[in-house]
Amino acid sequence: MQQKKIFKILIAGSFGSGKTSLVRTLSEIEPLTTEKQISNSQERLFPGKKTTTVALDMGKLKIADDLEIHLFATPGQERFSFMLDILSKGILGALVLVDATNLASIDEAKNIAKKIRELYEIPIVYGITKTDEENAKSFEEIQIHLGNEDDAKIIKLDPRDFESSKRALLELLKLILEQ
Ligand SMILES: Nc1nc2c(ncn2[C@@H]2O[C@H](COP(=O)(O)OP(=O)(O)O)[C@@H](O)[C@H]2O)c(=O)[nH]1
Ligand SMILES: [Mg+2]
């Protein structure tokens, strides 16, 4: 029997940037999620968002008979950032989501990418979400704000949409395979 290859991918990004949505959209198995009701103060900042991930979301996507992607989404809140250390073992690439409607999300994405780079030599792709929202910053503005000294690839995606989510993941996979 052919040996199955498993690619572990980290999905990171600020609170509300679309990590849980992405795992739910892409996973072929019922994703393992650890959501809880969010507090009132968070609800005020993110109207409509009712839950937050407390530990991680995990999902699985089959690319070919012998190739599976395992997705691990870390919680976006600062106090859970230690999960990044635990989760990142054996991770081959990271998709860092950026909420286009929220400048603070860009800074957080930058910090996450920096932290990943300090710990690991893995490809990072920035995924810009919520570009359909009225108050979304332009791609150019986000690009400038990201600074992106390391020339990481930046792509738009809608984590609620399968095709655009898969495309973003395949871009990352390509970088991993080219390494
Ligand atoms: N309009 C729009 N909403 C999005 C997009 N991505 C995620 N959302 C919504 O944003 C909210 C937060 O997403 P969630 O996946 O919980 O974010 P997380 O905190 O990173 O896990 C949810 O209500 C999603 O449906 C997007 O590209 N466009
Ligand atoms: Mg979440």
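Of all residues assigned to the stretch 130-150, at least one qualifies as being touching a residue at least 60 places away in the same chain (Cβ under 8 Å) and not polar (S, T, N, Q).
Just give me the residues in the stretch 130-160 being open to solvent by 50 Å² or more (accessible area, probe 1.4 Å), modelled with pLDDT under 95, under 18 Å from residue 108 (Cβ atoms) and part of a loop (DSSP other than H, G, I, E, B), in sequence order. Across the stretch 130-160, the qualifying residues are 149, 150. Within the stretch 115-129, identify whether any single residue is in contact with a Leu (Cβ under 9 Å, 6 or more places away or on another chain), open to solvent by less than 10 Å² (accessible area, probe 1.4 Å) and at pLDDT below 90, and answer yes or no. Checked against the condition, which is being in contact with a Leu (Cβ under 9 Å, 6 or more places away or on another chain), open to solvent by less than 10 Å² (accessible area, probe 1.4 Å) and at pLDDT below 90, the stretch 115-129 yields at least one hit.
Residue by residue, here is whether (1) in contact with a strand residue (DSSP E or B) (Cβ under 8 Å, 6 or more places away or on another chain); (2) closer than 26 Å to residue 61 by Cα holds:
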{"site": "106", "(1), (2)": "yes, no"}
{"site": "124", "(1), (2)": "yes, yes"}
{"site": "128", "(1), (2)": "yes, yes"}
{"site": "142", "(1), (2)": "yes, no"}
{"site": "153", "(1), (2)": "yes, yes"}
{"site": "159", "(1), (2)": "yes, yes"}
{"site": "162", "(1), (2)": "no, yes"}
{"site": "166", "(1), (2)": "yes, yes"}
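The sole residue among 48, 90 that is open to solvent by 50 Å² or more (accessible area, probe 1.4 Å) and at pLDDT 70 or above is 90. Considering the conditions (1) closer than 25 Å to residue 90 by Cβ; (2) open to solvent by 30 Å² or more (accessible area, probe 1.4 Å), residue 163 is excluded by exactly one of them, (1).
The values are calculated or read from the model by the stated rules, or taken from the named source; none is laboratory data. Note that the structure is predicted; figures quoted are calculated from it, not measured. Glycine also receives a Cβ, built like all others from the backbone with ideal geometry; neighbour counts cover every protein chain displayed. We work out accessible area using only protein heavy atoms, side chains counted, and drop any ligands, DNA or RNA first. Shrake-Rupley method; radii C 1.70, N 1.55, O 1.52, S 1.80 Å.
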